[in-house]
Amino acid sequence: MGEMDIYLRSTEIIDSDNGRIRETALKLAGGLTGEGPRARALFCFVRDEIHYNVYMLSTFREDFRASTTLERGKGYCVQKAVLLAALARAAGIPSRLAFARIVNHKMPAELKAQTGIEEFPSHGYTQLFVKGRWVSVTPAFDRGLCHRIGVPACDFDGEHDAVLAPVDASGNPYVEYIEKYGPHADLPFEWLHSKIFPIWGNKRPWAEADASRGHIMPLSGYRFP
């Protein structure tokens, strides 16, 4: 077994052998030559076509499954990172998950009041093995959202890191990476749960949003990482 096999293997959460995952990966990357262009096509799909919403955060394992996020067409940063990892594996590109503790200086006051947090303790992103090395890519925010809130979009060229920018479009502080955690071949759910539970409790926030609003409505029109 090669050292990269663990990063190509389908799991319960990164279910790269799921029919819809494989079909989507083939549709997006099947006609492209080279790891870089294939990886970029998959990244752009997850970034722009899977819409970001903080209410999709969950403390239930099944809500992180890649095929579930693909079906729902929305997710928050960790779910979108898992989906990109699964699509990459389905396309033959080794992938893994990485996490960081970050401060988002554009976090609205009402979210701070609602959660009591000053930082995000478990921001998730994907690492892809392309051209002989691991690159970090963050598919969380789509271009339209970035334009509306005045921040640079993560734009992956298929070769270099694409992570959240330190400053917004006006040069004001945007995201600080306070601490980066080691990568994982699969979702470290118990660790993630320990970070999410103290903030949200054992629930699905979007279910409450559905019940109270009839649809999912991000706070002040902003969707958070």
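The table below lists the values:
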item	result
Residue within the range 21-32 that is in a helix (DSSP H, G or I), modelled with pLDDT of 95 or more and of a type in the set (S, T, Y) present	yes
Top-ranked residue in the range 132-165 [being more than 20 Å from V78 (Cα to Cα) and touching a strand residue (DSSP E or B) at 6+ places or on another chain (Cβ under 7 Å); ranked as surrounded by the most Cβ atoms within 10 Å (Cβ to Cβ)]	G158
Lone unmet requirement of (1) in contact with a helix residue (DSSP H, G or I) (Cβ under 7 Å, 6 or more places away or on another chain); (2) surrounded by 21 or more Cβ atoms within 10 Å (Cβ to Cβ); (3) modelled with pLDDT under 95 for F120	(1)
R89 crowded, with 20+ Cβ neighbours inside 10 Å and charged (D, E, K, R)	yes
Search result, residues across the range 178-201 that are in a loop (DSSP other than H, G, I, E, B) and within 14 Å of Q79 (Cα to Cα)	D186, L187, P188
Residues of the range 44-84 that turn out to be crowded, with 21+ Cβ neighbours inside 10 Å, out of contact with any helix residue (DSSP H, G or I) (no Cβ under 7 Å at 6 or more places or on another chain) and under 21 Å from V163 (Cβ atoms), as a count	4
F129 being closer than 28 Å to H160 by Cβ and surrounded by fewer than 19 Cβ atoms within 10 Å (Cβ to Cβ)	yes
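The values are calculated or read from the model by the stated rules, or taken from the named source; none is laboratory data. All values reported here derive from a predicted model rather than from experimental measurement. As a convention, Cβ positions derive from the backbone with ideal geometry for all residues, glycine included, and neighbour counts pool all protein chains shown.
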